[in-house]
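Asks: Have a look at the structure that comes next, please.
Every number here is computed from the coordinates shown, using simple stated rules; none is lab data. Just so it is clear, the structure is predicted and the values come from calculations on it, not from any experiment. Heads up, the Cβs are rebuilt from the backbone with ideal geometry, glycines too, and the neighbour counts pull from every protein chain shown.
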Amino acid sequence: TNITNYKIKKVQPLQNKALLQYLESRQINLTLVRAYLKEVYYYVGERHYFAYTMINRSNGHEIRNKYFKGCLGTKDVTFIKGNNSRQISLFEGTTDFLSLLTLKGIKELKTDVLILHSVVMLEQLKNDLKRYDKAYTFLDNDQAGKQATNEIKKLLPTKTMNYMYEGSKDINEFLTQLKSH
């Protein structure tokens, strides 16, 4: 959901207890997360809201809290530079990326990272992806995720990583089920 008539009050380091509890309920390791997320306080009309945010490459805020997922500003992807700029890892959402870091117990990936925030964003990225030698896809195990993975495979050699969370909707559902046992 793209929010139009908003006004940002402040953006600050992630510390809001409700947001931290929500991330913990999704089994996300908070010490790994703080490098990628901030919290944003904003108004829509007269109503005041807050969410955690990951800034996208158009300086829009991809926001999320327990009740809402959307974008303040221009909807776009988030690109994170890695040490190996010949390879790229693709994620559908912020939570999926943070879930992989949590599962592996690491603070960053060696590859470049592209968080789509929606598989529909893939269409605009086809030329960007062609400059890579290899892609790793961590997309959802649904029709849209499989379709997006097939589109990526047409552009460059791709290793589909879904086997890691087979039987789950996405990597975060897998992480949540793993940690709750």
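Asks: Limiting things to C-alpha atoms, what are the Rg and the maximum Cα-Cα separation (Dmax) for the chain, in angstroms?
Replies: 16.2, 49
Asks: Could you derive backbone 3J(HN,Hα) for the stretch 115-122 from the dihedral phi with the Karplus parameters 6.51, -1.76 and 1.60 (θ = phi - 60°), listing whole Hz in sequence and x where the residue is Gly or Pro?
Replies: So the J values, rounded to whole Hz, are 9, 6, 6, 4, 5, 5, 6, 4.
Asks: Let me ask something additional. Which of the aspartates and glutamates could be linked to Lys17 by a straight reach, that is with a Cα gap under 15 Å, when you skip same-chain ones fewer than 8 residues away?
Replies: Result set, ordered by chain and number: Glu39.
Asks: What is the antiparallel percent of DSSP beta bridges lying wholly in the stretch 1-158, to the nearest 5?
Replies: 65 percent
Asks: Can you find, among Thr78, Gln12, Asn29, the residue farthest towards the positive end of the dipole of the stretch 1-118? Put +1 on the C-beta of Lys and Arg, -1 on that of Asp and Glu.
Replies: Gln12
Asks: Can you give the helix-only mean residue ellipticity at 222 nm for the chain, where every DSSP H stretch with n ≥ 4 adds -39500 (n - 2.57) and the sum goes over all residues, rounded to the nearest 500 deg cm²/dmol?
Replies: Value at 222 nm, helices only: -7500 deg cm²/dmol.
Asks: Here is a follow-up. If you take every DSSP beta bridge fully contained in the stretch 80-181, what fraction is antiparallel? Give it as a percent rounded to 5.
Replies: 5 percent
Asks: Could you list which residues have their amide H under 5 Å from that of Ser168, counting only those 5 or more apart in sequence or on another chain, with H placed in the peptide plane?
Replies: Here the answer is none, since no amide H 5 or more places off falls under 5 Å of that of Ser168.
Asks: Give me the distance in nm between label points sitting 7 Å out from Cα along the Cα-to-Cβ direction at Arg47 and Met164, one decimal.
Replies: 3.6 nm
Asks: Also, quick follow-up: Report, ordered by chain and residue number, the aspartates and glutamates lying within cross-link reach of Lys130, taken as a straight Cα distance under 15 Å and ignoring same-chain residues fewer than 8 apart.
Replies: Candidates past the 8-residue exclusion: Asp112, Glu151.
Asks: Now a separate question. Gain in length, Thr1 to Asn84, computed as 0.36 nm per residue apart minus the alpha-carbon separation, to one decimal in nm?
Replies: Stretched out fully, the Thr1 to Asn84 stretch lengthens by 26.6 nm.
Asks: Taking amide H positions as placed 1.01 Å from N in the peptide plane, with prolines and chain starts having none, which residues 5 or more places from Ser89, or on another chain, fall under 5 Å of its amide H?
Replies: Asp112, Val113, Leu114, Tyr136
Asks: Number of Lys-Lys pairs in the stretch 36-124 under 23 Å by Cα, sequence gap 8 or more or different chains?
Replies: Qualifying lysine pairs in the stretch 36-124: 11.
Asks: Give me a comma-separated list of calculated 3J(HN,Hα) values for the stretch 71-87, in order, Karplus coefficients 6.51, -1.76, 1.60 applied at θ = phi - 60°, integers in Hz, x for any Gly or Pro.
Replies: Those phi angles translate into 9, 9, x, 6, 5, 7, 8, 10, 10, 10, 6, x, 7, 9, 7, 8, 10 Hz.
Asks: When the dipole is taken about the Cα centre of the stretch 40-123, and only Lys, Arg (+1) and Asp, Glu (-1) are charged at their Cβ, what size is it in debye, to the nearest 20?
Replies: In total the dipole reaches around 220 debye.
Asks: Taking Cα centroids, how far is the stretch 132-173 from the stretch 1-35 in Å?
Replies: About 26 Å separates the Cα centre of the stretch 132-173 from the one of the stretch 1-35.
Asks: Next question, about the same structure. With each pseudo-label sitting 7 Å past Cα toward Cβ, what's the Gln12-Leu156 distance in nm, one decimal?
Replies: In this crude label model, Gln12 to Leu156 measures out at 3.9 nm.
Asks: Over the stretch 111-171, what portion of Cα pair distances is larger than 17 Å, expressed as a whole percent?
Replies: Value for the stretch 111-171: 33 percent of Cα pairs lie more than 17 Å apart.
Asks: Under 25 °C and 0.890 mPa s, how fast does the stretch 53-131 diffuse according to Stokes-Einstein, given a Kirkwood radius computed over C-alpha pairs? Answer in µm²/s, whole number.
Replies: 187 µm²/s
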